[in-house]
1. Quick check on my filter: what residues within the range 261-284 are among the polar types (S, T, N, Q), part of a strand (DSSP E or B) and either over 22 Å from the mean Cα position of the chain (by Cα) or under 16 Å from Arg310 (Cα atoms) (or both)?
2. Determine whether the range 59-77 contains at least one residue that is within 21 Å of Ala176 (Cα to Cα) and either at pLDDT 95 or above or among the basic types (Lys, Arg) (or both).
3. I need a count of the residues in the range 216-239 that are open to solvent by less than 20 Å² (accessible area, probe 1.4 Å) and not in a loop (DSSP other than H, G, I, E, B).
4. Give me the pairs, please: first residue somewhere in the range 12-29 and without any contact (Cβ under 8 Å) to a residue 24 or more places away in the chain, second residue anywhere and part of a loop (DSSP other than H, G, I, E, B) and of a type in the set (A, V, I, L, M), beta-carbon distance under 8 Å, and either six or more positions apart or on two chains.
5. Do we have any residue at all in the range 276-288 that's more than 30 Å from Val13 (Cα to Cα), touching a strand residue (DSSP E or B) at 6+ places or on another chain (Cβ under 8 Å), polar (S, T, N, Q) and surrounded by 15 or more Cβ atoms within 10 Å (Cβ to Cβ)?
6. Can you find even one residue in the range 243-255 that is in a loop (DSSP other than H, G, I, E, B), open to solvent by less than 80 Å² (accessible area, probe 1.4 Å) and without any contact (Cβ under 8 Å) to a residue 24 or more places away in the chain?
7. Taking strands (runs of 3 or more DSSP E) that fall entirely within the range 1-113, which contain at least 1 residues that are within 27 Å of Lys124 (Cα to Cα) and open to solvent by 20 Å² or more (accessible area, probe 1.4 Å)?
8. Can you pull out the residues in the range 151-163 that are assigned to a strand (DSSP E or B) and either among the acidic types (Asp, Glu) or surrounded by 19 or more Cβ atoms within 10 Å (Cβ to Cβ) (or both)?
Amino acid sequence: MINSDQLADYSLVRDGGAGLIDLSSRGRILVSGAEAVLFLNGLITNDMKSLAANAWMPAAFANVQGRLLAAVRIIHRQDGFLIDTESETRDAVIKLVERFTLAGDFKVTDLSTEMALLSVQGAKAADVVRSVLGEDTDHLQRHSAATAQFESVAVTVIRDTHTAEDGFDLFVEASAGAKLRDALTNAGATSVGEDTLETFRIEAGIARYGVDMDENNVVTETNLDDAVSFTKGCYIGQEIIVRIKHRGHVAKKLAGVVLDKATPAPRNSKIISNDEKEIGRVTSSTFSPRLNRAIALGYVKYDYLAPGTRIRVSSDVGSIDGEVSALPFVKGSWYEAP
């Protein structure tokens with residue numbers, strides 16, 4: 001169960017406030033050079049040629065079997081393409097792109113330790129960001145990027161969610177990270193801890209690499225549909241991914257499960273159908289204060305994906321009844337924001 005301090009942070013973000021999350025542990029890799037688009041386009045699932053300046057898009061790196069190596073965000077800045085990825089996949093992304101540095105005008109710079117990443121999440125996130133960085137950022141459109149100034153230091157701003165609430169991610173030089181954090185706190189954002197962020201993540205239906213998805217998953221099993229272009233040219237893994245698309249669906253897909261009790265399910269718990277078939281496994285689980293029940297992410301076979309399908313979750317510690325749920329579990333201000 002969530003403790004009182006976590007509940008206070010949770011309520012502040014869910015009920016109209018603004019939370020401050022430090023995501024600096026993620027990986028940030030800058031790719032530049034005249035042939036950056038050419039090489040990256042052959043590596044990722046989305047269409048680099050469609051990514052305009054001052055815009056960003058989700059993408060994935062896959063292997064030749066179409067299995068997921070990393071989920072990323074790519075921001076088209078003036079100095080090149082900033083790739084943002086989870087800490088678990090930072091080294092893998094660097095290895096994937098560095099091999100092209102000798103093939104042409106293609107440069108790779110690891111900025112992970114030189115750059116901080118702070119995120120403001122919640123219905124009042126726009127107010128906090130405007131207070132600190134000015135009016136040019138608070139009306140930022142989704143999938144657009146802007147550059148603001150904070151004490152003469154450039155800040156790259158994108159609008160994205162990690163919580164199902166409205167949000168803004170701020171990329172800044174590490175040397176200015178602490179001052180920016182203080183300014184955001186003084187403007188009304190409250191720091192959110194890792195445990196509370198994990199609750200938000202699962203409620204928002206956001207998969208985490210190494211927990212909910214890895215190299216054993218085909219990209220299209222992981223709900224990364226927005227990260228895949230089915231009209232672009234050849235890239236690694238395209239043949240398998242497109243073949244599955246034309247077949248109609250994957251055999252299993254990441255889905256939500258709402259349990260009938262408050263106790264989260266252990267990871268790798270079996271998901272059992274009413275006709276006693278094993279139809280999936282749990283990958284993440286937490287107690288949801290908003291639903292007042294435990295929830296879980298897990299892979300469920302295609303025939304059982306309909307929301308409301310009754311199931312039970314079974315592990316060494318017992319069984320809990322529940323039902324399959326659409327994702328996200330909680331639709332916050334992100335789904336209300338323009």
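1. Hit for the range 261-284 is Ser273, nothing else.
2. Taking the range 59-77 and keeping what is within 21 Å of Ala176 (Cα to Cα), we get 75, 77.
Then keep just the ones that are either at pLDDT 95 or above or among the basic types (Lys, Arg) (or both); that gives 75, 77.
Checked the range 59-77: at least one residue is within 21 Å of Ala176 (Cα to Cα) and either at pLDDT 95 or above or among the basic types (Lys, Arg) (or both).
3. Of the residues in the range 216-239, 5 are open to solvent by less than 20 Å² (accessible area, probe 1.4 Å) and not in a loop (DSSP other than H, G, I, E, B).
4. Here the result reads none, with nothing in the range 12-29 linked to a residue that is part of a loop (DSSP other than H, G, I, E, B) and of a type in the set (A, V, I, L, M).
5. Taking every residue of the range 276-288 in turn, none turns out to be more than 30 Å from Val13 (Cα to Cα), touching a strand residue (DSSP E or B) at 6+ places or on another chain (Cβ under 8 Å), polar (S, T, N, Q) and surrounded by 15 or more Cβ atoms within 10 Å (Cβ to Cβ).
6. So in the range 243-255, the residues in a loop (DSSP other than H, G, I, E, B) come out as 248-251.
Restricting the remaining residues to those that are open to solvent by less than 80 Å² (accessible area, probe 1.4 Å) gives 248-251.
Now restrict to residues that are without any contact (Cβ under 8 Å) to a residue 24 or more places away in the chain: 248.
For the range 243-255, residues in a loop (DSSP other than H, G, I, E, B), open to solvent by less than 80 Å² (accessible area, probe 1.4 Å) and without any contact (Cβ under 8 Å) to a residue 24 or more places away in the chain: present.
7. 19-22, 55-62, 68-77
8. Hits for the range 151-163 are Val155, Thr156, Val157, Ile158, Arg159.
The values are calculated or read from the model by the stated rules, or taken from the named source; none is laboratory data. Please read these numbers as outputs of a predicted model, since none were measured by experiment. Here the Cβ is made from the backbone with ideal geometry for all residues, glycine too, and neighbour counts use every protein chain on show. Only protein heavy atoms, including side chains, enter the accessible area calculation; ligands, DNA and RNA are left aside. Shrake-Rupley method; radii C 1.70, N 1.55, O 1.52, S 1.80 Å.
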